[in-house]
1. What do you reckon, is B:Met1 at pLDDT below 90 and more than 14 Å from chain A (Cβ to nearest Cβ)?
2. Mind telling me which of the residues A:Arg93, A:Arg136, A:Arg152, A:Arg103 ends up being among the basic types (Lys, Arg) and under 29 Å from A:Arg40 (Cβ atoms)?
3. I need the full set of residues from the stretch A:54-92 which are modelled with pLDDT of 85 or more and open to solvent by 80 Å² or more (accessible area, probe 1.4 Å), in order please.
4. Kindly provide the set of residues from the stretch B:140-180 that are open to solvent by less than 40 Å² (accessible area, probe 1.4 Å) and among the charged types (D, E, K, R), ordered by number.
5. So which of A:Ala253, A:Ala217, A:Ala267 is assigned to a helix (DSSP H, G or I) and at pLDDT below 85?
6. Every residue in the stretch A:93-106 that is open to solvent by 10 Å² or more (accessible area, probe 1.4 Å) and of a type in the set (Gly, Ala, Ser), please.
7. Could you tell me which numbered condition A:Ala300 fails, if it satisfies all but one of (1) open to solvent by less than 40 Å² (accessible area, probe 1.4 Å); (2) touching a Leu at 6+ places or on another chain (Cβ under 7 Å); (3) over 23 Å from B:Arg21 (Cα atoms)?
8. Does any residue of the stretch A:245-255 turn out to be farther than 30 Å from B:Leu78 by Cβ, touching a Leu at 6+ places or on another chain (Cβ under 7 Å) and surrounded by 11 or more Cβ atoms within 10 Å (Cβ to Cβ)?
Amino acid sequence: MSESANVHRSIQRQLLRSLLLGFVGLGLLFGVAFYAYIHRLLTREFDEVLVERARAIASMVELEADGKRYEFPDESLPEFHGGPNAQFFLIRRPDDSEFARSRSFKKGQSLAPPPEAMTRKPLYYNVTLPDGRGGRAVAMWFSPLVEKMTSRGIEPLYDPKEPEMKLILARDRRPLDRALMLVALGLIACEALMGSATVWLLRYQLRESLQPLNDVAKLAASVDATSLHQRFPVETMPRELQPICQRLNDLLARIAKAVESQKRFNADAAHELRTPVAEVRALAEVALRWPEDADATRKAFEEIVSVTEHMERLSSVLLQLSGGDGRVSTREEPVDLSKVLTQAIDRRKDMIAAKRIALNVDVPPTKMVTSDATLLTAIVENLVGNAITYTPPGGSIVCTTKDGNSFQIMNGPTNLSPQDLSTMSEPFWRKDASRTGGKLGLGLALTRAYLSTLHGSLELNLDASSGLAATVALHANDTA
Amino acid sequence: MRVLVIEDSDRLRQSVEVALRKSGYAVDASASGDEGFWKADSGVYDVIVLDLMLPGMSGIDLLARLRERKHKTAVLILTARDTVDDRVAGLDAGADDYLVKPFAIDELIARVRALIRRANDVRESRLAFGDLAINTSARTVERGGKNVDVSPREYMLLEFFAMHAGECLSRSQIEAAIYDAEAEPMSNVVDAAVYALRKKIDLPGAPSLIQTRRGMGYTFATPEAVESHE
């Protein structure tokens, strides 16, 4: 599931999404906080104005000495008379009976009482005004002035003993709402503007930053078998991409090398096939052109059969080589190396005798190694065969096992040059440049291919006095 | 006309040898570079068919040494290497022609024939001396429009004469040209062959196209002899 989710993952989109979420989220948070702060500030200011007015009204209430009548000069305050912008007040006695109300406040209309119990502090709350508009109200206790007889005559005075009255003042809250609305709208506009600017900026920046990645992708897409010499620029790349480009370059170099060696191998193989094909064609054409000589014609056919046998051998070895890069299934088991070596030598006893080769096999009677019997036999057969072929008459061959899983076949004297040593493992190498004598020149290449399957190694050393030493180490990976 | 084949593949060498011999050439063959050079150095060959990858001396070295020793023998390189560089290297080393393996036997023979014509400065495959005409590609001889039946050896002799018309050719030159190393010609074999050829190509009563030069050999198609055959 995670794989399918990964299919369309885009770094650009992912970065854009998370960065945008972060920026817009932060912006929103800031906007909301700012709005809340402004809301509180404006409401408090509005409420202060409201309470000041309430106090002013309260200060205008004067009880006459009998306590029943009062003076309230609200004629001078037209907003309490009614009309579209009317304000309202209501004064209640301590026993909650109505004491007075503004002229704008018609009989039968009511004003919602404070939603909670009143303390000494003024209480602010939202109400619906008697004419239906949304309003803001303040409810507060106040001590009315009482007319008293003093030495200077009748004076309005505070009487702490006089019970406090309750004043509710309500007015239209739409100016506050409008101001808050404006602030909110401004914030939203700001947020939207900043959001889109951020999107544009992020996209631009991401595109610019990720451009090298696209360049790499484009270049990678343009590389094919004919343009393996191309390299990714490393120096001009951002630091994060430099190791990737370096690895890609290394990979390209390795592929180019493999393709080059494959091409050379193919060319060599085709070249190898030319001589036998030429032989078959010449034999067949001569036999067709001059068919009178029955003996010669029969001989030509025999020769053709033998050439095709050689070609068969060549093609099967070529097949083995093309499939021998670690893909052959092997079976690891204990193998008696001494037995494999002595059998390979026994099979060539006649040749050894004919060339008067001095043979020295210094291998313990039973030398067990862990390997694939078939491949190990092929390797030993190849090396022993080569040693006998390339040892001149009267020469010597020494087989020794070294410690662990390795053995050495040394033959000498030899007419090989150090230059031969570097090229002799290549396919189709023979000491003699000519292509006759039935040898395919693929023995060492095959041995190396087999050994790579077995994770072993072959080392060739040339010594002027002792000759050529081929050392095979099996399981190089185990000892490492 | 005598051809030397230097090729290390036994089968190929034998096939080419048979094909050239059946086509009327005297053929010698060699399987190694050293032996091939030794034979080529004798200078009796009209064409050398040379493989490049040889045991011992390589084909290119052999060719370079031949040219160094001022041999002008035409050399046809026969090789499995077919890149432009290989061809250039072969031709630059002094080869006259280049044939890539595998090849058609007929093409090889035609190229050998062309090389022989070129070496003798003959442009056409038809050579005429009075009423005698030799077709070198069909290897036929006509006199006065009528086919003359000649044996391969007689044809070889006639062609050798025709290629060297007007030159005085010694008996040993003629012998080297028409007999390869395998044949063991007797001492008077050239005289006998010339006698047999004269009987087939000369007009009765007219002077022979092949004039005997006492103590020197033979000259073919002197102007007087040609005139008498018109």
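1. In short, yes.
2. After applying the criteria, what remains is A:Arg136.
3. Listed by number, the list holds a single entry, A:Arg55.
4. Passing the criteria: B:Glu154, B:Glu159, B:Asp180.
5. Details: A:Ala253 fails: at pLDDT below 85; A:Ala217 fails: at pLDDT below 85.
One residue alone meets the criteria, A:Ala267.
6. Across the stretch A:93-106, the qualifying residue is only A:Ser97.
7. (3)
8. So the first thing to find is which residues in the stretch A:245-255 are farther than 30 Å from B:Leu78 by Cβ, and the list is A:245-255.
This time we only want the ones that are touching a Leu at 6+ places or on another chain (Cβ under 7 Å), so: A:252, A:255.
Still in the running and surrounded by 11 or more Cβ atoms within 10 Å (Cβ to Cβ): A:252, A:255.
Yes, the conditions are met somewhere in the stretch A:245-255.
The values are calculated or read from the model by the stated rules, or taken from the named source; none is laboratory data. None of these values were measured; they are calculated from a predicted model. Neighbour counts are summed over all protein chains in view; Cβ atoms, including those assigned to glycine, are modelled from backbone coordinates with ideal geometry. Quick note on the areas: whole protein, heavy atoms, side chains included, nothing else; ligands and nucleic acids left out. Shrake-Rupley method; radii C 1.70, N 1.55, O 1.52, S 1.80 Å.
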